[in-house]
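Visitor: Pasting in a structure now, in structure tokens, and then I'll have a few things to ask.
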Amino acid sequence: MSMRRRTLLKVIVLGDSGVGKTSLMNQYVHNKFSQQYKATIGADFVTKELQIDDRLVTLQIWDTAGQERFQSLGVAFYRGADCCVLVYDVNVMKSFDTLDIWHEEFLKQANPADPKRFPFILLGNKIDIDGGNSRVVSEKKAKDWCASKGKIPYFETSAKEDYNVDAAFLCIAQTALANEREQDIYFQGIPEAVSETEQTGGCAC
Ligand code: GDP
Ligand code: MG
């Protein structure tokens with residue numbers, strides 16, 4: 001019997017205000033970029049479907065609704081996350097310095113079963129600005145930070161130029177899926193209730 005299972009993966013994007021979180025999501029999901037700055041309000045998440053190996057995956061990407069302050073997002077925002085994406089602006093040192101706090105804050109709020117192995121990904125955004133001449137955080141510094149937190153994958157991106165955005169989100173999806181599989185294994189002792197009707201595809205009436 002073949003059963004097509006759609007997997008929903010919850011991804012949370014965190015980082016200082018203005019680093020380009022919403023722009024990266026817009027570029028990835030809608031292939032659009034806007035120069036205009038608009039604080040994010042309204043919709044909490046966007047979705048994108050993609051196929052990874054034989055699995056149909058729906059990425060549910062959660063954006064901070066203009067509340068980039070620690071402890072203001074609430075537990076529901078973090079609950080059930082499969083991957084956390086941290087974003088900073090390579091041209092703004094403060095946005096890099098706050099990564100420690102975002103990392104810590106995520107672990108505190110989401111409270112994952114195994115914090116040391118919970119998947120994070122770091123994106124250094126806006127590498128297009130001034131042809132890279134105004135960047136203040138080197139690639140090495142960013143990679144060192146990733147290594148210190150336990151081999152976090154790192155991508156340098158430009159939401160404006162659509163550079164590395166697809167590659168970064170593919171890695172995010174793969175990492176989240178791998179984490180989800182581990183949880184499946186962890187929970188495999190619990191029997192799944194599947195009704196007879198669903199299994200045969202028949203109609204109940
Ligand atoms: P958020 O507060 O983290 O969601 O940041 P936004 O996505 O709203 O972006 C803040 C500002 O930076 C906006 O004016 C964007 O147009 C701009 N921006 C975002 N990403 C890039 C990028 O990769 N390159 C450049 N040059 N500007 C960007
Ligand atoms: Mg935003």
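The values are calculated or read from the model by the stated rules, or taken from the named source; none is laboratory data. As the structure is a prediction and not an experimental result, all values here were calculated from the model. Neighbour counts are summed over all protein chains in view; Cβ atoms, including those assigned to glycine, are modelled from backbone coordinates with ideal geometry. Keep in mind that these areas ignore ligands, DNA and RNA; they rest on the heavy atoms of the full protein, side chains included. Shrake-Rupley method; radii C 1.70, N 1.55, O 1.52, S 1.80 Å.
Visitor: If you roll a 1.4 Å probe over the heavy atoms of the protein chains, what accessible area per residue do you get for the range 99-160, in Å²?
Guide: On a per-residue basis, 54 Å².
Visitor: Which ³J(HN,Hα) values, rounded to whole Hz and listed in residue order, are derived for the range 158-163 from phi using the Karplus coefficients 6.51, -1.76 and 1.60 in 6.51 cos²θ - 1.76 cosθ + 1.60 with θ = phi - 60°, glycine and proline given as x?
Guide: 9, 5, 5, 8, 6, 9
Visitor: Something else: How would you rank 27-34, 160-167, highest first, on the average number of other Cβ atoms within 10 Å across their residues? Please list the in-between numbers first.
Guide: Details: 27-34: 14.9, 160-167: 16.8.
Result, highest mean first: 160-167, 27-34.
Visitor: Apply the Karplus curve 6.51 cos²θ - 1.76 cosθ + 1.60, θ = phi - 60°, to the phi angles in the range 129-135 and return the couplings in whole Hz, x for Gly and Pro.
Guide: Using θ = phi - 60°, the values come out as 4, 6, x, x, 6, 9, 6 Hz.
Visitor: How big is the range 79-140 in terms of Cα radius of gyration and Dmax, in angstroms?
Guide: Here Rg and the maximum Cα pair distance are 13.7, 42 Å.
Visitor: Quick query: amide H of residue 91 versus all other amide H atoms, modeled in the peptide plane; which residues come in under 5 Å with a sequence gap of 5 or more or a different chain?
Guide: When sequence neighbours closer than 5 places are left aside, the close amide H contacts are 136.
Visitor: A further question follows. Tell me, what are the semi-axes, in whole angstrom and largest first, of the equivalent ellipsoid of the range 78-185 as set by the roots of 5 times the Cα gyration tensor eigenvalues? Provide the component values of the computation, followed by the final result.
Guide: Numbers: eigenvalues 131, 49, 23 Å².
Sorted largest first and rounded, they come to 26, 16, 11 Å.
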